[in-house]
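Asks: Once you've had a glance at the structure underneath, I'll fire off some questions.
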Amino acid sequence: MQTISINFIVPQGWHELGDKQLRYVYDLIAKEYATDEIKTLCLLRWSGTKVIGRQESGTYLLKKSKILFEVTPLTLAELLPHLDWLSSLPTVPVRISKINRQSALPADFSEVPFETFIICDNLYQGYLSTQNDELLDQLGATLYGKDIAFKPYERISIFYWFAALKESLSKKYSDFFQPIAGASDGNLLGSSASVEDAMNAQIRALTKGDITKEAEVLALDTHRALTELNAQAREYKELNAKMQSNGK
């Protein structure tokens with residue numbers, strides 16, 4: 001009897017997925033497949049393995065390249081932890097590069113105007129509060145530069161992208177991105193009403209009250225604007241801590 005070694009080579013994280021792979025997994029999520037089903041289907045698809053059928057013994061007959069081989073359900077299950085990262089949002093922002101031939105903004109919002117980020121964040125926070133798909137479509141239209149009739153899996157891709165972006169920005173600019181007092185849902189910016197207040201406060205902080213500089217501020221690179229806001233937030237916290245310490 002000859003022993004054949006079969007290697008299942010799959011991506012190690014969201015950051016390794018291309019457009020075709022992203023479309024596939026988002027489509028599975030949109031169709032509400034269970035988590036382990038998604039992992040199994042992705043394992044087979046991304047490793048170039050086809051299911052030929054199921055044997056009477058309960059094993060699966062698979063084909064990889066020109067090789068036919070059998071595996072037990074347990075063996076497949078033991079491989080699934082390699083795709084556990086599919087159960088969570090991406091740790092870095094990833095997105096489908098084109099939808100309906102429209103190119104997306106840079107995934108990490110590098111060289112994207114701060115005004116665009118403000119618009120997107122308002123729509124994203126509004127969607128979190130209302131679960132209104134129209135807001136997600138408006139977010140997608142801003143991210144891709146054109147109104148598009150988004151498919152369900154494309155809406156999911158838009159949500160995953162911006163959620164991962166916000167998470168990465170929250171870690172990079174942690175002094176600035178702090179929960180608003182009274183926000184009980186974990187939202188960084190709280191309610192829809194406080195979102196507008198927070199955005200206006202950001203602009204005022206960057207213009208230092210000079211409304212003639214507003215257009216200039218809105219045109220700033222998103223990361224440049226957030227770097228300045230983060231520095232101001234850190235300085236404010238340090239000053240506040242010093243004042244409290246002196247007051248004791």
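Asks: For Tyr24, indicate whether it is buried (at least 16 other Cβ atoms within 10 Å of the Cβ), closer than 26 Å to Pro152 by Cα and of a type in the set (Phe, Trp, Tyr).
Replies: Against the criterion (buried (at least 16 other Cβ atoms within 10 Å of the Cβ), closer than 26 Å to Pro152 by Cα and of a type in the set (Phe, Trp, Tyr)), Tyr24 qualifies.
Asks: Keeping to the range 76-116, report how many residues are farther than 16 Å from Glu167 by Cβ, open to solvent by 60 Å² or more (accessible area, probe 1.4 Å) and out of contact with any Leu (no Cβ under 7 Å at 6 or more places or on another chain).
Replies: 9
Asks: How many of the residues making up the range 156-179 are open to solvent by 40 Å² or more (accessible area, probe 1.4 Å), assigned to a helix (DSSP H, G or I) and closer than 16 Å to Thr227 by Cβ?
Replies: 2
Asks: Then there's this: Which one is least open to solvent (accessible area, probe 1.4 Å) among residues in the range 133-155 that are at pLDDT 95 or above and outside any helix (DSSP H, G or I)?
Replies: Phe150
Asks: Restricting the search to the range 200-229, which residues are open to solvent by 40 Å² or more (accessible area, probe 1.4 Å), touching a residue at least 24 places away in the same chain (Cβ under 8 Å) and not charged (D, E, K, R)?
Replies: Ala219, Leu220, Thr227, listed by residue number.
Asks: Can you confirm whether Lys39 is of a type outside the set (Phe, Trp, Tyr) and either open to solvent by 30 Å² or more (accessible area, probe 1.4 Å) or in contact with a Gly (Cβ under 7 Å, 6 or more places away or on another chain) (or both)?
Replies: No; evaluated as a whole, the condition is false for this residue.
Asks: With the condition being within 26 Å of the chain's Cα centre (by Cα) and touching a residue at least 24 places away in the same chain (Cβ under 8 Å), I'd like the helices (runs of 4 or more DSSP H) fully within the range 17-100 carrying at least 2 qualifying residues. Can you show your working first?
Replies: Working: elements: 19-30, 35-46, 73-79.
So the answer is 19-30, 35-46.
Asks: Right, here's the next one. Kindly evaluate Leu76 against the criterion of being modelled with pLDDT under 90 and in contact with a Ser or Thr (Cβ under 9 Å, 6 or more places away or on another chain).
Replies: yes
Asks: When you scan the range 100-116, how many residues do you find that are among the aromatic types (Phe, Trp, Tyr) and either at pLDDT 95 or above or touching a Gly at 6+ places or on another chain (Cβ under 6 Å) (or both)?
Replies: So the answer is 1.
Asks: Of a type in the set (A, V, I, L, M) and assigned to a loop (DSSP other than H, G, I, E, B) - does that describe any residue in the range 114-123? So that I can check it myself, show each step before the final result.
Replies: Of the residues in the range 114-123, the ones of a type in the set (A, V, I, L, M) are 118-119, 123.
Add one more test, that the residue is assigned to a loop (DSSP other than H, G, I, E, B), and what stays is none.
Within the range 114-123, not a single residue is of a type in the set (A, V, I, L, M) and assigned to a loop (DSSP other than H, G, I, E, B).
The values are calculated or read from the model by the stated rules, or taken from the named source; none is laboratory data. Nothing here was measured: the structure is a model prediction, and the numbers come from that model. Glycine also receives a Cβ, built like all others from the backbone with ideal geometry; neighbour counts cover every protein chain displayed. Note: areas computed on protein heavy atoms with side chains; ligands, DNA, RNA excluded. Shrake-Rupley method; radii C 1.70, N 1.55, O 1.52, S 1.80 Å.
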